[in-house]
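So the structure is just underneath, and the comments pick up after that.
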Amino acid sequence: MSDNKLNLSSILLWSTITLTGIFAVGTIALQRGETINSLWLVIAAVCVYVLGYRFYSAFIAAKVLSLDAARATPAERFNDGRDFIPTHKWVVFGHHFAAIAGPGPLIGPTLAAQFGYLPGTLWILVGAVLGGCVQDFVILFFSVRRDGRSLGQMAKDELGVIGGAAAMLGVMAIMIILIAVLGLVVVNAMKHSPWATATVAATIPIAILMGLYLHQFRPGRVLEATLIGVSLLILAVIGGGWLDSSPTLRGWFDYEAPQLAVMIIIYGFAAAVLPVWLLLAPRDYLSTFMKLGTIAALALAIIILHPDLKMPALTPFIDGSGPIFAGKLFPFVFITIACGAISGFHALISSGTTPKLLSNEQDARFIGYGAMMMESFVAIMAMIAATVLEPGVYFAINSPAGMVGKEAAIAVAKISSWGFAVNVEQMQQLANAMGESSLLARTGGAPSLAVGMASLFAKVFGENLLAIWYHFAIMFEALFILTTLDAGTRVARFMLQDLLGNFKSSPNQTNGYGSILLCSACVVCGWGYFLYMGTLDPLGGINSLWPLFGIANQMLAAIALCVATTILVKSGKLKYVWVTAVPLAWLMLITSCAAWEKLFSDNLRIGFLAHATDLSDKLTHGLLAAEQIAKAPQLIFNDYLDAGLTALFMLISWLLLMDTLRVIYCIITGKNYPKTSESSHIPSRLVENWMRD
């Protein structure tokens, strides 16, 4: 009788959650002509995530992957106290979430809001549950079953030499673009903002002080170092405001975008070559506190205030004429959202440090599927923070001067003509309230997201602290981004060292300090070039680089799913291959369509080749303004370079897909194929409860 009652209660509970979720999603999708409350987005997200985790991830864990709690993990078998360490699942979850939670789920939804709140929200929910969470989960599991091998190594083992080489080349090139775009977002947030620049700059010596404190002054005193670090971060935000009000000091931190780009490049090199304990580790530690605390505060503010969304469900810009970036709703909303739904970068983490920490194979579901689910929820909150702004204000902040004009009066008149009313006085008052001289044409998504977050925080935690909340949000976003930038630079350096190691007789020849400096310099020069050129783009850089970022990121996810699909078939799970094959097919479709448009579209704001040809013709016939003539040759070269990279990414993705289909065909027909690299089953001897609970 008790079992029947339990089953009935369970059925009623999950039926209620399902019906609530359907009603919430239906309300979001069908609401037209009226404002919609942001709480509906929160309810829809929670219901979809809970159902996805409870049922779909459980199905994958039990039927598709067959997780085995009695099987020893690499952390147990290779425990060396350095890289392979059996770790409690909550600690691993925190590490994994901090590593994957970069700026993508914050910036992508903010930029995609130019289409309206509806398309981005639906894709974040569906894409995460059926795509992003699945990718992170299966890649983590397959890496655990293969002694913690990296994505590139798994591609080589499972697909062969050609597939492995293509994957390694693709991952390296894609990493360069990802880091460059992240740097551009930080630069656009700090340019001509002494308060923001001073605050973000202060985080570097604060992190170094924490590193010295923990490593030299007071080893092991983590609580003391944490209190010092967090206190100094708060003082940095307040001190930035004091500095900004000083006519003498504010000039020391007031820079143009190209100058800031050079500073970011220098920082990236230093972060890659300095000892991990001195800068990278303490910055990541501080960043984790900031991420978790700020996300929790933002969620609390949204739930308490449940503000109405001001942005319509769909805007006229679904036709491809958007001012922030050009391109129609399909396929550009998907590559713009990127990390909030599915991120190829996560596959590098899921096959990097995380599989070396799992003490129990069953934890792969909680960590892989669950952490991506949390990141997707961050993307939903970012969408809310962007769309609670008045649409006119949103477009005034995010539209580049090259689209709307450099003069404030001209810009607001242009934006108002689109049907989104805004005026000069309104923007100036907002800038003054945020402690800025101007918020017009602050492209990149970070400033408008910070305005939205600050507005919510101020209403809950203090209206008279609006400027402090704005710069706190800027620092929060910068920490998100710089954590990924410095870690990504270091990972790319490792990859380059490994690649060069294939041509050396001894691995030690590529692991010396000279090699570290050389490889770090090569990586930083790579992404630094794209970053610097992005600051010279009259359309703000984001118009061209963010779509390229999205294409690269989603193609990296496609590479990961190619590997996962191949392993599933090798494992005798052909009937379940749709779990990875469906998101793989969708990613190949949207990335190929987007890449084709970026290559061959006649729209000058979309097609790289069309823009290069137009600019070249104008330069030849003397139709450019004097200040544009000097920049034109470099911009033309950049267009051709971007086109070449886009073509390379598409070629590599299709090569991997063809190689995947070749191996699957050989498996089905009984022909020779690379055998599975899965390690043999060894029973686990871990018995500690803290590792099993």
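A short reminder: the numbers here are calculations on the coordinates, not readings from a lab. Keep in mind that what you see is a predicted model, and the values were worked out from it rather than measured. When we count neighbours, we look across all protein chains shown, and the Cβ atoms used for this are built from the backbone with ideal geometry, even at glycine.
Things worth noting here:
- Taking the charge dipole of the chain about its Cα centre, with +1 at Lys and Arg Cβ atoms and -1 at Asp and Glu Cβ atoms, the residue from MET403, PHE59, SER684 reaching farthest to the positive side is SER684.
- Arranged from fewest to most other beta-carbon atoms within 10 Å of their beta carbon, CYS593, CYS339, CYS519, CYS562 become CYS593, CYS519, CYS562, CYS339.
- Exposed loop sites here are GluC sites (Glu not before Pro) assigned a DSSP state other than H, G, I, E or B and surrounded by at most 12 other beta carbons within 10 Å; excluding them, the longest clear run of the chain is 408-687.
- Close amide-amide hydrogen proximity is noted between THR87 and SER359, each under 5 Å apart and 5 or more residues distant or on a separate chain (H modeled in the peptide plane; Pro and chain starts excluded).
- Among the listed pairs LYS573/LYS675; LYS575/LYS671; LYS191/LYS618; LYS89/LYS675; LYS328/LYS459; LYS291/LYS406, those beyond 24 Å (Cα-Cα): LYS191/LYS618; LYS89/LYS675; LYS328/LYS459; LYS291/LYS406
- Annotation for GLU390 and TRP252: the two label points, set 7 Å from Cα along the Cα-Cβ direction, are 3.8 nm apart.
- Surrounding net charge for LEU182, when Lys and Arg each add one and Asp and Glu each subtract one, Cβ distance under 12 Å: -2
- Spin-label pair ARG221/ILE303, simplified geometry with 7 Å Cα→Cβ offset, distance in nm: 3.7 nm
- Shown here for the range 373-449: trypsin sites (Lys or Arg not before Pro) in loop regions (DSSP other than H, G, I, E, B) with at most 16 other Cβ atoms within 10 Å, namely LYS406.
- Taken about its Cα centre, the range 59-171 carries a charge dipole of roughly 100 debye when the Cβ of each Lys and Arg holds +1 and the Cβ of each Asp and Glu holds -1.
- Between VAL46 and LEU465, the C-beta separation translates, for a Förster distance of 30 Å, into a calculated FRET efficiency of about 0.55.
- Loop-located trypsin sites (Lys or Arg not before Pro) in the range 80-179 (DSSP state other than H, G, I, E, B) with a sparse environment of at most 10 neighbouring Cβ atoms within 10 Å: ARG82.
- The relative contact order of the range 574-640 comes to 22 percent, based on Cα pairs under 8 Å that sit 6 or more residues apart.
- Whole-angstrom gap from the range 321-366 to the range 398-443, using each part's C-alpha centre: 32 Å
- Value of [θ]222 nm, deg cm²/dmol, for the chain, DSSP H segments ≥ 4, -39500 (n - 2.57) each, nearest 500: -22500 deg cm²/dmol
- Scattering profile of the range 181-256 at q = 0.12, 0.21, 0.23, 0.27 Å⁻¹ [log10 I(q)/I(0), Debye over alpha-carbon scatterers]: -0.41, -0.88, -0.95, -1.11
- Legend: ranking of residues TRP277, TRP195 from fewest to most surrounding C-beta atoms inside 10 Å; resulting order TRP277, TRP195.
- Dividing the alpha-carbon radius of gyration of the range 312-390 by the rule-of-thumb value 2.2 N^0.38 Å gives 1.46.
- One entry in (i) -0.77, -1.18; (ii) -1.14, -1.41; (iii) -0.69, -1.03 is log10 I(q)/I(0) by the Debye sum over Cα atoms at q = 0.09, 0.11 Å⁻¹ calculated from the shown coordinates; its label is (i).
- Neighbour net charge for LEU656 - beta-carbon separation under 15 angstrom, K R +1, D E -1: -1
- The range 27-70: C-alpha pair distances exceeding 12 Å, %: 69 percent
- Length released on extending from ILE204 to LYS618, taking residue separation times 0.36 nm less the Cα-Cα span: 144.6 nm
- Overall, the chain carries a charge dipole of about 1500 debye about its Cα centre when +1 sits on the Cβ of Lys and Arg and -1 on the Cβ of Asp and Glu, all other atoms neutral.
- A simple rule links phi to the HN-Hα coupling: the Karplus curve 6.51 cos²θ - 1.76 cosθ + 1.60 with θ = phi - 60°, which for the range 249-257 gives 7, 4, x, 5, 10, 9, 10, 6, 4 Hz, with x for Gly and Pro.
- Residues in the range 440-445 carry Karplus couplings, in order, of 6, 6, 9, 5, x, x Hz; the curve used is 6.51 cos²θ - 1.76 cosθ + 1.60 with θ = phi - 60°, and Gly or Pro positions show x.
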